[in-house]
1. What accessible surface, in Å², does a 1.4 Å probe find on R64, ignoring ligands, DNA and RNA and rounding to the nearest 10?
2. Just to confirm the filter: which chymotrypsin sites (Phe, Trp or Tyr not before Pro) across the stretch 1-54 are DSSP coil and have at most 16 other Cβ within 10 angstrom of their Cβ?
3. Tally Lys and Arg at +1 and Asp and Glu at -1 over the other residues with C-beta under 12 Å from the C-beta of E71: what net charge comes out?
4. Between L107 and A43, with labels modelled 7 Å along Cα→Cβ, what's the label distance in nm to one decimal, could you check?
5. Can you give the FRET efficiency to the nearest 0.05 for L34 and M1, using r as the Cβ-Cβ distance and R₀ = 41 Å?
6. Work out, step by step, the length gained on full extension between R80 and F58: first 0.36 nm times the residue separation, then minus their alpha carbon distance; give nm to one decimal.
7. Rank these by accessible area, largest first, 1.4 Å probe: V61, V74.
8. Using 0.36 nm per residue, how much length does the chain from A89 to M118 gain when fully extended, once their Cα-Cα distance is taken away?
Amino acid sequence: MKLLTSLFAGVLFGLGMAISGMMDPARVTGFLDLAGAWDPSLAFVMGGALLVFMPGYFLLVKPRSQSVLGEPIVAVPAPRLERRLIGGAVLFGIGWGLVGICPGPALSLISSGQPMIMLFIAAMVAGILLFDKGLARVLTKAPARGVDEGAPVPYRLIP
């Protein structure tokens with residue numbers, strides 16, 4: 001059932017991206033081009049998504065102690081601002097601004113066969129492999145102070 005739920009959510013997200021035109025890199029870069037021919041359509045898509053999401057979240061999801069599938073909903077602690085988080089956000093923003101594609105729409109656009117999409121996917125895979133192979137030597141799984149033994153262990157920089 002989890003797999004079907006995940007598949008349904010992914011297909012619904014992909015359809016929303018396709019119908020709204022947000023998989024078109026020109027539309028995304030047009031939104032990010034504040035000094036040129038700015039295209040506000042992405043802001044309307046995001047605002048519309050929030051208008052649909054927020055009532056459902058606050059009325060149906062937030063009050064629940066269990067998911068629809070019967071699993072407990074665990075409160076996630078607020079993330080701390082760390083160099084890795086800020087660096088990742090900056091790198092994501094630079095990539096998004098340069099080509100107008102982020103990983104979700106990129107995977108949806110594989111079927112288009114466009115060379116730019118294939119290059120983006122290759123660069124994305126190379127970045128993942130570079131992080132896993134290269135930065136894994138710099139990072140270690142050492143528990144942060146105050147982390148429970150059973151909780152997921154965040155990566156910490158080796159001093």
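The values are calculated or read from the model by the stated rules, or taken from the named source; none is laboratory data. Just so we're clear, the structure is a prediction, and the values are computed from it rather than from any experiment. Note that we place each Cβ from the backbone using ideal geometry, even for glycine, and neighbour counts take in every protein chain shown. When the accessible area is computed, the model is the full protein with side chains, heavy atoms only, and any ligands, DNA or RNA have been set aside. Shrake-Rupley method; radii C 1.70, N 1.55, O 1.52, S 1.80 Å.
1. Around 110 Å² of this residue is reachable by solvent.
2. Details: sites: F8, F13, F31, W38, F44, F53; in loops: W38.
Passing both the DSSP loop test and the Cβ count: W38.
3. Details: positive: K2, R64; negative: none.
Local net charge: +2.
4. Spacing of the two 7 Å Cα→Cβ label points: 3.0 nm.
5. Numbers: r = 44 Å, r/R0 = 1.08.
For R0 = 41 Å, the calculated efficiency reads 0.40.
6. Extending this stretch completely gives an extra 5.5 nm.
7. On the way: V61 70, V74 110 Å².
Order by accessible area, largest first: V74, V61.
8. Result for the pair: 8.2 nm of gain on full extension.
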